[in-house]
1. Regarding the range A:706-720, can at least one residue be identified that is surrounded by fewer than 16 Cβ atoms within 10 Å (Cβ to Cβ) and over 30 Å from B:Glu168 (Cα atoms)?
2. What number of residues within the range A:473-496 are under 38 Å from the mean Cα position of the chain (by Cα) and under 22 Å from A:Glu555 (Cβ atoms)?
3. Mind listing whichever residues of the range A:535-578 are loosely packed, with under 15 Cβ neighbours inside 10 Å, among the small types (Gly, Ala, Ser) and under 16 Å from A:Trp510 (Cα atoms)?
4. Kindly indicate whether any position in the range A:493-503 is more than 20 Å from A:Arg627 (Cβ to Cβ) and among the aromatic types (Phe, Trp, Tyr).
5. Restricting to the range B:31-50, and then to whatever is part of a helix (DSSP H, G or I) and at the interface with chain A (Cβ under 10 Å from one of its Cβ atoms), can you tell me which residue is farthest from B:Glu191 (Cα to Cα)?
6. Looking at (1) farther than 26 Å from A:Ser73 by Cβ; (2) among the hydrophobic types (A, V, I, L, M, F, W, C); (3) modelled with pLDDT of 90 or more, can you tell me which one A:Ile581 breaks?
7. So how many residues does the range A:606-635 have that are open to solvent by less than 40 Å² (accessible area, probe 1.4 Å) and more than 28 Å from A:Tyr465 (Cβ to Cβ)?
8. Pairs under 7 Å by beta carbon, first residue open to solvent by 10 Å² or more (accessible area, probe 1.4 Å) in the range A:465-484, partner β-branched (Val, Ile, Thr), six or more apart or different chains?
Amino acid sequence: MMGDLRFALRMLAKAPGFAIIATLTLALGIGANSAIFSVIDAVLLRPLPFPKPNELIAVWSKVQGDTERETGSFPDYGDIRDQSQTVESLFAFTRASTVLGTGSDAKELFGTAVTSDIFRVLGIPPLLGRTFTQDEDRTGARVIVLTYDAWQHYFNRDPSIIGREVLCSLRPYTVIGVMPPGYRYPIGPRCEYFMPLQQLVPDSVKNRSSHFLRLVGRLKPGASVKQASAEISAIGGRMEKQFPDSNTGRTYYAISLHHDLVGDVRPALLTIVSAVVLVLLIACANVANLLLARANQRRREIAIRTALGASRLRIVTQLLIEGVVLAILGACFGLLLAWWGIDLLRLFGPRDVPRLDDIQINAVVIVIALVAAVASTLLFAVFPALQVSRPNVNESLQEGSRGAVGPESHRARSLLIIAQVALSMLLLAGAGLLIKSFSNLRATNPGFEPSQVLTLDLALPRAKYADLPLKQQEFFERLDRRLRTLPGVEAAGGVTPLPFSGNDRASSFWIAGRPDPGSGNHPNASHLTVMGDYFRAMHIPLLTGRAFDSRDGREGMPVVMVNEAFVKKFFEGRDALGQHIIVDHAEKAKDRPLEIVGVVGNTRHESLAIDPIPEFYIPFAQDPDRRMYLVLRTSSEKLTGLENSARGAIHEIDRDIYVPNLKPLEELIGITLAQPRFNMMLLGVFAGVAMTLAAIGIYGVIAYTVTQRTKEFGIRMALGAQRSDMLQMILRQSFSVVAIGLAIGLLAALALTRLMASLLYGVSAHDFSIYAFVLFVLSAAALVASYLPARRAMKVDPMVALRYE
Amino acid sequence: MIRLHNIERSYPLGRGQMFYVLRDIDLDIAAGDFVSVMGPSGAGKSTLLHILGMHDHGWTGEYFFDETAVHLLKAKERATLRNEQVGFVFQQYHLLDDLTVYENLDIPLSYRHYSKGERAALVADALDRFQIVGKKDLYPRQLSGGQQQLVGVARAIIASPKLLLADEPTGNLHSSQGEEIMELFRRLNEEGVTIVQVTHSEKNASYGKRIIQLRDGWIV
């Protein structure tokens, strides 16, 4: 065995070109597979980083006729927690942010406002100090628990942090604990602290109609997700009867937390895994082709060995050992490629893929890579080994024999090329569909003009502005007047929530003058509050009526603007101007009819892929808020100094306000495109690699064929064939094989790309233009790959080929 | 029919030196002639044959085929002339292994713009004339050496060339098969085909009308 190994190494060293090409080909396949498998391992396979992760569930509500996975209200949460017999503990949370410190040292932190049950549910004790108690939860104590990263980053791992007071959004909080490294919830996004929920939103937690919380729980031992879901659904049914105003049509259900976290990315990841496996298969087919060619060249050597008494098993073993050496080399270089690839995935991967930062090459990935490399190489090395291990000694040893190649070898090569072309066709079709889908998304009009618009997410500190609508209004109106005078600002306004900011708000309402269907049956629409020249700054067209102006102050007549989708859905497209709607508020006193004074064009809010939904806009003076997204339309793409001017304008009014950086609106839209862009990029890269490998495969086969058939070409030329005849013959033969591959690939693509439908936008899985283009590209690649070696056939000198004198 | 004047063929040896395979060849071959080229190995016999067959382009001098100045023709024009006028028979037969006898006979016609019907008729004629109809679906490896060379000759003349060039046509055959082939050559010559053969065999040379001796590239 050692002798065979030494001989294998010597043979590879003797043919460095073959060894390098085979190793790199395998490395590409193994590298791509290892990188993607490490993503799958981190995102889909690895259990959640909490004790007994299978017991963890997510609880969502579902509204009749609406999407699944709706958030819940705090009172509903309390009822489910108290009544459930299958759920041991349940916590509610919402994402939050705060400003740590004041003045120029202030930093924005992102965290979770949560009920104290989180620490019981997730079951990991703090590293330092303690977590907050149910009492602190209820009484709204100002305590904060830091994550390890925040403790390290902002407090330099100060061991005396426990008990220290820190200023969060101008309010003093006591640090009571630090969680161990890696502990964060939610798992995906940035999470630096935990605060009791109730003291942050004391009003909302009392309102059963305020659905803003996500719920996560731990099952009692022995309880299943299905049982829990059925029980929670029953509790939801009781709440629906008990609280028809808020809960009509709303049910609750449970799913496993792991599925909840990865369910969204699963189709994309599985598509990418399929793609990468295809790349490996294509790489293996190439290596098999190389091994076949090499084995044929070595027929004479093998014949000598056989003549000297080597058994067939011995020869097959020797050839397979060479394959294994190649596989191990390929796996090592592949893992190196994967290591770089993972850095790129972390860099370009969309932020909403959970646990993207946890991707790493661990022992499992290394073992899988080695096994995949050895298994695939052995699989593809066996055939050539078996084929040449039974030589016709007499023929092979004849002097000058070039190693006759039997028809079965040609057939094997043709089959490999057919497989490569078919698999490449499948991958290219998938990539083409994703590229067109992404291009459609990019070209989708959001309903406003995002270029040259800068946004600023400004939240006034609760300590100074909470429950003071007049003060909020005064601040923002002064700021609005100041911002529109800044140099380079063409129009300024404000909105909350801003399209593509990741936030949305829906409110229920009913149309005055029509029979009230009962508050539980009121329809919902997106509810936006706007200030200043928002519509002009965003270039949202006013279709009829008027925009808000100075008449629409706090004491003015209550007014509202709506979008086209609102008119279409609730007024069947008829004139809505002068009609009134009544928006449901927590306090009945606020339920005043609002007159529709204007209709604006539709805008997309959450994503370019989601069609515009009905929206209504209320003027800021009549619906003040502590938080506004300021919107500045500027005269050029990059205005130097605008950020400092805006910061200066804000601090002129209040020095204590934390001002985050200005963000271009296009960047916010770009974030929502990250996932489709990532899918497209990955599949595009894999398809490119696949096509290149297939082209190399075709090149290799044709080049080998030309070498083998030099004598035949010489005879044909001696018999009168022109050089162009030779070229045509080779291209025809090459294309007859390629065409079979294309046909099989086309059928496979038509059948399998349907599975990608959920990833596509504005393009059918059977889009003719994509298939036509992919056929053209692949044919062109095959043509080039065939033409280059075929030129050699044109240059065959019949005298040399026929070996005269 | 053929007039060679001062034909020379050489290969560079490095440092500006040349190795001459053929030197100052002057040769006239009339239509209907049957010439045997003889000489020891390395004398330049096959080179002369491939120059006559217009496979070799690296020579100097003047070569007239009928009234056409071959030395002035471009490669493509030479190929056209060769296709129209010359047929080849090789010592190694050089049949294409993966084609049947029928298909091997069809190849030269496929390169000469015959219609499908004409090709079928010509192949059928050749099979009949050489009495190999029964072998038309066999592959070369299923034939004896003599049968393979028979097919080789049939293939060489199927497009009715004026000139038949043969490079040691019986070199791989035993004597009785060799005689058969030479008799065939004689008959073809009698039918008007001009033949130039390269041979080591005095007996085969005697089938021809005259002998040219080559030695170290010179006609002696």
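1. No, the conditions are met nowhere in the range A:706-720.
2. Counting residues in the range A:473-496 that are under 38 Å from the mean Cα position of the chain (by Cα) and under 22 Å from A:Glu555 (Cβ atoms) gives 6.
3. Correct list: A:Gly578 only.
4. Looking for residues that are more than 20 Å from A:Arg627 (Cβ to Cβ) and among the aromatic types (Phe, Trp, Tyr), one finds none in the range A:493-503, hence no.
5. B:Thr47
6. (1)
7. The total comes to 3.
8. Qualifying pairs under 7 Å: A:Arg478/A:Ile653.
The values are calculated or read from the model by the stated rules, or taken from the named source; none is laboratory data. Just so we're clear, the structure is a prediction, and the values are computed from it rather than from any experiment. No Cβ is skipped: glycine too gets one built from the backbone with ideal geometry, and neighbour counts run over all protein chains shown. Side chains are part of the model used for accessible areas, which takes the heavy atoms of the whole protein and leaves out ligands, DNA and RNA. Shrake-Rupley method; radii C 1.70, N 1.55, O 1.52, S 1.80 Å.
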